[in-house]
Amino acid sequence: MILNERDSRHEQVLGVARQMMTAARTAPKGKGLDIIEVAMVTDANIVILSDAMKEIAEESGMKFFLRDAENILSAECIVLIGTRRQAQGLDCGHCGYETCAAREPGVPCAINAVDVGIAIGSACATAADHRVDTRVLFSAGLAAQRLNWLEDCTLVFAIPVSASSKNPFFDRKPKEEKG
């Protein structure tokens, strides 16, 4: 048998993305509480995510959403990592408030933000270990958050994954709005 890499690449990338999801899940969590959610987006759902990013660009005027919306169409899949909002009860002050009880509604617990960051780092390290291309995108994460793909999560980030001769997520050109 002869197996050309091009014939197995897609399944290989999906396998790495599954390992990235496991790495995010097993990453250390503040106080040992796991409030991280992780999912993988593939196929037609990537187009739905791209369309949601274009809507955000139109609403906000932030052109990088347009660039990233086109960019993710080059991904084999996208790993989403987010956190539910839950104060950890440490009264540490890292959120800017003296106590957890004093925190204003809508202000995230800093420990939640750290947890999602560590999970992202673990996932990206796994991707690097397998030599697949990635980039952490706030823009696609915000669109996924608006779509509620990680139910009740805030601080959602997206990691598009690809295996091609050149990383499609770097050296990007700004996407111009069509007039």
* Of all residues in the stretch 1-12 being part of a loop (DSSP other than H, G, I, E, B) and either hydrophobic (A, V, I, L, M, F, W, C) or in contact (Cβ under 8 Å) with a residue 24 or more places away in the chain (or both), which is surrounded by the fewest Cβ atoms within 10 Å (Cβ to Cβ)? -> 1
* Keeping to the stretch 13-40, report how many residues are in contact with a helix residue (DSSP H, G or I) (Cβ under 8 Å, 6 or more places away or on another chain), more than 16 Å from residue 133 (Cα to Cα) and crowded, with 16+ Cβ neighbours inside 10 Å. => 10
* Among the residues listed as 75, 57, 87, 69, the single one being under 27 Å from residue 110 (Cα atoms) and either open to solvent by less than 70 Å² (accessible area, probe 1.4 Å) or within 16 Å of the chain's Cα centre (by Cα) (or both) -> 87
* Asked: Looking at (1) in contact (Cβ under 8 Å) with a residue 24 or more places away in the chain; (2) closer than 15 Å to residue 79 by Cβ, which is the one condition that is false for residue 43?
  -> (1)
* Asked: When residues of the stretch 13-30 are filtered for being part of a loop (DSSP other than H, G, I, E, B) and of a type outside the set (D, E, K, R), how many remain?
  -> 2
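Here's the yes/no breakdown for (1) at pLDDT 95 or above; (2) not aliphatic (A, V, I, L, M):
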position: 118; (1), (2): yes, no
position: 125; (1), (2): yes, no
position: 152; (1), (2): no, yes
position: 157; (1), (2): yes, yes
position: 169; (1), (2): no, yes
* Just a yes or no: is a residue in the stretch 95-112 touching a residue at least 40 places away in the same chain (Cβ under 8 Å) and either under 16 Å from the mean Cα position of the chain (by Cα) or surrounded by fewer than 15 Cβ atoms within 10 Å (Cβ to Cβ) (or both)? -> yes
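Conditions tested, residue by residue: (1) of a type in the set (A, V, I, L, M, F, W, C); (2) part of a strand (DSSP E or B); (3) out of contact with any helix residue (DSSP H, G or I) (no Cβ under 7 Å at 6 or more places or on another chain).
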{"residue": "49", "(1), (2), (3)": "yes, no, no"}
{"residue": "55", "(1), (2), (3)": "no, no, yes"}
{"residue": "59", "(1), (2), (3)": "no, no, yes"}
{"residue": "66", "(1), (2), (3)": "yes, no, no"}
{"residue": "78", "(1), (2), (3)": "yes, yes, no"}
* Among what's in the stretch 117-172 and is among the basic types (Lys, Arg) and farther than 18 Å from residue 47 by Cα, pick the residue that is least open to solvent (accessible area, probe 1.4 Å). => 172
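The values are calculated or read from the model by the stated rules, or taken from the named source; none is laboratory data. Keep in mind that this is a model prediction, so the values were computed, not measured. Positions of Cβ are generated from backbone atoms using ideal geometry, with glycine treated the same way; all protein chains shown enter the neighbour counts. Keep in mind that these areas ignore ligands, DNA and RNA; they rest on the heavy atoms of the full protein, side chains included. Shrake-Rupley method; radii C 1.70, N 1.55, O 1.52, S 1.80 Å.
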